[in-house]
Amino acid sequence: MKPPEDCSPELSLAVPEGWSFSLRLTQGPDGFHGGVAELHEGDSLRCRMQLSNLDRDRAAALERVAERVRSWLAEWATRDHSGSTGFADL
């Protein structure tokens, strides 16, 4: 298995102002891509996605990641962020 490759610049993904996105992908012996995506709001980690069996084709795998991240951000935007949930930062 190849070591993870940071491909954040390779994936054109719009995130809200003040947020950052990073993605590390590997291609396993079976040919499928997988990895870890992280979304930070400022210095706070808000989401870490463990991604597996995305696709054998790298472009298709990156598009699947983009869909998942866009979906997560849309859901996050609908949440009430006005009070303390009692949860700690990831």
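Laboratory data are not the source of any read-out in this text; all were calculated from the coordinates shown. Everything quoted here is computed from the prediction, not taken from an experiment. Heads up, the Cβs are rebuilt from the backbone with ideal geometry, glycines too, and the neighbour counts pull from every protein chain shown.
Key figures
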quantity: Magnitude of the charge dipole, region 5-72, Cβ model with Lys/Arg +1 and Asp/Glu -1, debye to 20; calculated: 180
quantity: Length gained when the stretch Ala77-Asp30 is fully extended (0.36 nm per residue, less Cα-Cα span); calculated: 13.3 nm
quantity: For region 69-74, Karplus couplings with θ = phi - 60° (6.51, -1.76, 1.60), whole Hz, Gly/Pro x; calculated: 5, 4, 5, 5, 5, 5
quantity: Descending Cα extents along the principal axes, region 5-72, whole Å; calculated: 36, 19, 17
quantity: Computed label-point distance, nm, for sites Arg56 and Asp43 using a 7 Å Cα→Cβ extension; calculated: 4.6
